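Everything below concerns the one structure shown next.
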2 protein chains.
Amino acid sequence: MSKPTPISGFPEWLPPQRMIEQYVVGRIRDTFEVYGFAPVETRSVEPLDQLLRKGETSKEVYVLRRLQAEEADAGDDALGLHFDLTVPFARYVLENAGKLQFPFRRYQIQKVWRGERPQEGRYREFLQADIDIVDRDTLPNHYEAELPLVVGDALGGLPIPPVRIRVNNRKVCEGYYRGIGLEDPAAALRAVDKLDKIGPARVADLLGETAGASPAQAKACLSLAEICTPDASFVDAVRALGVRHELLDEGLAELAAVVETAAAHRPGLCVADLSIARGLDYYTGTVYEAQLQGFERFGSVCAGGRYDSLATAGNVSYPGVGFSIGVTRILGLLFGAGQLSASRSVPTCVLVAVADEERREASDRVAAVLRRRGIPTEVSPTAAKFGKQIRYAERRGIPYVWFPGLDGAADEVKDIRSGKQAEATPDGWTPPPTDLRPTIG
Amino acid sequence: MSKPTPISGFPEWLPPQRMIEQYVVGRIRDTFEVYGFAPVETRSVEPLDQLLRKGETSKEVYVLRRLQAEEADAGDDALGLHFDLTVPFARYVLENAGKLQFPFRRYQIQKVWRGERPQEGRYREFLQADIDIVDRDTLPNHYEAELPLVVGDALGGLPIPPVRIRVNNRKVCEGYYRGIGLEDPAAALRAVDKLDKIGPARVADLLGETAGASPAQAKACLSLAEICTPDASFVDAVRALGVRHELLDEGLAELAAVVETAAAHRPGLCVADLSIARGLDYYTGTVYEAQLQGFERFGSVCAGGRYDSLATAGNVSYPGVGFSIGVTRILGLLFGAGQLSASRSVPTCVLVAVADEERREASDRVAAVLRRRGIPTEVSPTAAKFGKQIRYAERRGIPYVWFPGLDGAADEVKDIRSGKQAEATPDGWTPPPTDLRPTIG
């Protein structure tokens, strides 16, 4: 076999990076749980027809085929890998509605796949960490204010740049567009969504072409999208544009509540940014997008929003609100910038040396005691010269080497960073807490 | 949308079961780390041609196709979902050999997929937890004795039935088969592998048909497979069969070392069982299979072995030994038997009541303090009557409801199981440790 090469879009980490990923995921998970979200995982596949109904990402599905399948198999019940965790979750809620308690708060940390054409910086497999709250029939608006605080807490405790959450509300946009006389607000929203990518002049053109906007209407759309405030003052700025519509009023009130709650609990976390649209069709109210400060040019690393009709069965609907943290995107940016590292490449804190193969059993016994006390320990692979065994530890960043006492002598443990060596017993010695596990910084 | 139905072979758990799964995975992971295994994840896909070379499971691959791909795309570089974690790990080692330290100890806990025909009790997506140790050129045999101890420790700390690990060594079988004059030991091994399923009479027939064994040779093969001892006494039992071969001697010595080490550290964990063969082609020495005691009829839940030539590049080879815990299989068996449960369906320890919507902010502040102190907390979804808010907690098994004091009165917290209610402050009150998180039993 010749040396294999990576596959574009399918990132893999070396062990120190994977340790960092586990640390980040652990912190996110702990935060989700401290807010009372219950864990769920869904299967990786959904029926293809379900995946194909949900917004523009649905074009990027990986379809599965059993290698052993007869051709006829590949028809109606074809399966595809999920491209997000919201669509599978909505299906899970419908399927298990009778067994769940509503409102239902769940978190879900899993890989998702997008069958995109390979291109620089685009992942085709990546890890997402989602929270959602769904209720039956109606969902109180205060949850829309809670979710940004959860995400702020989850990421705020990590050694990464602060996150800035931009919030908007589709009712604001739709009400405003209707108020200025546009008849296809969805088309207008799709055009404005491209503002970051193509700039205002081309968005104005697009508004004319796809949403039937006059130059004055296009200008009015762009004026709305320019509004961005860290507090509820955006309401006055919108009012100053002189547009009136009932849906606009509703949206402004909802958005003000989200921004004010965030400002009270975590100043600086959220801004009202009326240019935010979000690509997915299923959002019906609040929408979120978040970026890492200093990494804005790489786009958003978290996103979410409120969806009122993603999950409906008969005449029961399950409105929800969710927020998704792009774990792989965040790590990819920070690894790329060399900003996160682990203090060693293995969990191991102690290497127990082996004097000769006949005495391996004595080293195994020392290791067993240390492990029982929760101290990550390896035994040397060979009874090589001690210098070579110490180099085994050094190359991996293992801080301590343990020398079992020979012929009745006491055991000794050496801190190979300082060179200090001292007598010790496996059931008495404890490393400093900062050495017990690799540290991330 | 009508109510969705499950897809055969793709299990999904409700939140209490997922909490149990996380607890089990956490325990396994902690054990792997205390033995110094470093974490790795590999991408979910491998080039199809790589998957198709590795033993009989390779027939059961799911092939991926981009929905948007041109037909021409689907050719040479087709991708398939991995069916185990060993083949991807061997590829990972070759790809990153220059960046890894050998011997390399890694663990990997991920989903795998098998594109089997749907049938009762067979998973098509399931979670595995693997450890492997690989070295460059040569790998010391003592690692083959270490891995069963790691698995025994990982599962031994869980509230599940004890595992029994059955160990064999392919050199024993191959040497013995050659010693009695069989020229296709691989065919004989495949026949003996079916012993549990089809019984000795049909295995004897199969040995004649596929391995060219005479009735006497078939009988000799079955005599070997009957040997099963909890210690190294199997060596004498094999010797008593009167067969001589150099490879047999080598295998007996290796197997005796594994069984004796296991007996010294964890009596009762391992038995030498000379009927164990393992389906996968790549094993070259020690092989393991483990069952849950009391659930033997459902087959093995862990398996592994030594492979000397799975990863080779040019004239460098990376021999390895690995053990895989079938997490989904274990949980499926125990959930099916109603043997594992969680004390509540949410992580939440405290529900903060809301007196009226105008005072939600006061409840939010209490929750923020409790969360900062690591106490999983929710705020009531509505300002319904307190009786209804208490029922919200009851239905989820949340043990405490917190009542913020109104108009200067002190806060009170109620244990809704005992009905006891007492004054408390959010920065002073602490629940008993057993109530902080859901318990698994």
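So the values come out like this:
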| quantity | calculated |
| --- | --- |
| Subset of the range A:259-280 (residues that are assigned to a loop (DSSP other than H, G, I, E, B) and under 16 Å from A:D193 (Cα atoms)) | A:L274, A:S275, A:I276, A:A277, A:R278, A:G279, A:L280 |
| Given (1) in the same structural domain as B:A97 (by TED's automatic domain parsing); (2) in a helix (DSSP H, G or I), number of the condition B:F323 does not satisfy | (2) |
| Whichever residue in the range B:103-120 is more than 23 Å from B:R27 (Cα to Cα) and at the interface with chain A (Cβ under 9 Å from one of its Cβ atoms) and, among such residues, is surrounded by the most Cβ atoms within 10 Å (Cβ to Cβ) | B:W113 |
| Residue count for the range B:339-352, restricted to those that are buried (at least 20 other Cβ atoms within 10 Å of the Cβ) and away from chain A (no Cβ under 12 Å) | 1 |
| Residues of the range A:286-318 satisfying the condition of being part of a loop (DSSP other than H, G, I, E, B) and either surrounded by fewer than 23 Cβ atoms within 10 Å (Cβ to Cβ) or away from every other protein chain (no Cβ under 14 Å) (or both) | A:Q293, A:G294, A:F295, A:G299, A:S300, A:V301, A:D308, A:S309, A:G314, A:N315 |
| Of all residues making up the range B:184-200, the number that are of a type in the set (D, E, K, R) and in a helix (DSSP H, G or I) | 3 |
| Yes/no for B:A410 being part of a strand (DSSP E or B), over 23 Å from B:S345 (Cβ atoms), more than 10 Å from chain A (Cβ to nearest Cβ) and touching an Asp or Glu at 6+ places or on another chain (Cβ under 9 Å) | no |
| Single residue of the range B:75-88 satisfying the filter (under 14 Å from the mean Cα position of the chain (by Cα) and in a loop (DSSP other than H, G, I, E, B)) that is farthest from the other protein chains (Cβ to nearest Cβ) | B:D84 |
| Among residues of the range B:191-205, those that are within 32 Å of the chain's Cα centre (by Cα) and in contact (Cβ under 8 Å) with a residue 12 or more places away in the chain, counted | 8 |
| A:L248 being at pLDDT 95 or above and not in a loop (DSSP other than H, G, I, E, B) | yes |
| Number of the condition not met by A:D364 [criteria: (1) away from chain B (no Cβ under 12 Å); (2) free of Cβ contacts under 8 Å to residues at least 24 places away in the same chain; (3) within 23 Å of B:R106 (Cβ to Cβ); (4) surrounded by 16 or more Cβ atoms within 10 Å (Cβ to Cβ)] | (1) |
| The one condition in (1) more than 24 Å from A:F37 (Cβ to Cβ); (2) within 13 Å of chain B (Cβ to nearest Cβ) that A:V150 fails to fulfil | (1) |
| Residue check for A:G374: part of a loop (DSSP other than H, G, I, E, B), of a type in the set (G, A, S), within 12 Å of chain B (Cβ to nearest Cβ) and more than 16 Å from B:P103 (Cβ to Cβ) | yes |
| Among the candidates B:A311, B:A290, B:A264, B:A272, residue that is closer than 29 Å to B:I20 by Cα and in contact with a helix residue (DSSP H, G or I) (Cβ under 8 Å, 6 or more places away or on another chain) | B:A290 |
| Test set (1) buried (at least 23 other Cβ atoms within 10 Å of the Cβ); (2) not in a loop (DSSP other than H, G, I, E, B) - B:Y283 fails condition number | (2) |
| Verdict on A:R122 being farther than 30 Å from B:P11 by Cβ and in the same structural domain as A:Y62 (by TED's automatic domain parsing) | yes |
| Exclusive hit being hydrophobic (A, V, I, L, M, F, W, C), in contact with a helix residue (DSSP H, G or I) (Cβ under 6 Å, 6 or more places away or on another chain) and assigned by TED's automatic domain parsing to the domain that holds A:P39, set A:V134, A:V192 | A:V134 |
| Unmet criterion (only one of (1) more than 30 Å from B:S363 (Cβ to Cβ); (2) more than 27 Å from the chain's Cα centre (by Cα); (3) in a helix (DSSP H, G or I)) for A:A253 | (1) |
| Residues within the range A:14-29 that are touching a helix residue (DSSP H, G or I) at 6+ places or on another chain (Cβ under 7 Å) and facing another protein chain (nearest Cβ under 7 Å), tallied | 1 |
| Selection count, the range A:220-245, where residues are outside any helix (DSSP H, G or I) and under 32 Å from the mean Cα position of the chain (by Cα) | 8 |
| One residue from A:P438, A:P426 being more than 10 Å from chain B (Cβ to nearest Cβ), crowded, with 18+ Cβ neighbours inside 10 Å, at pLDDT 95 or above and in a loop (DSSP other than H, G, I, E, B) | A:P426 |
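For (1) among the hydrophobic types (A, V, I, L, M, F, W, C); (2) modelled with pLDDT under 95; (3) buried (at least 21 other Cβ atoms within 10 Å of the Cβ); (4) in contact with a Lys or Arg (Cβ under 8 Å, 6 or more places away or on another chain), each residue gets a yes or a no:
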| site | (1), (2), (3), (4) |
| --- | --- |
| A:F335 | yes, yes, no, no |
| A:V354 | yes, no, yes, yes |
| A:R371 | no, no, yes, no |
| A:K385 | no, no, no, no |
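The values are calculated or read from the model by the stated rules, or taken from the named source; none is laboratory data. What you see is a predicted model, and the numbers here were worked out from it, not measured in a lab. Note: ideal-geometry Cβ built from the backbone for every residue, glycine included; neighbour counts use all protein chains shown.
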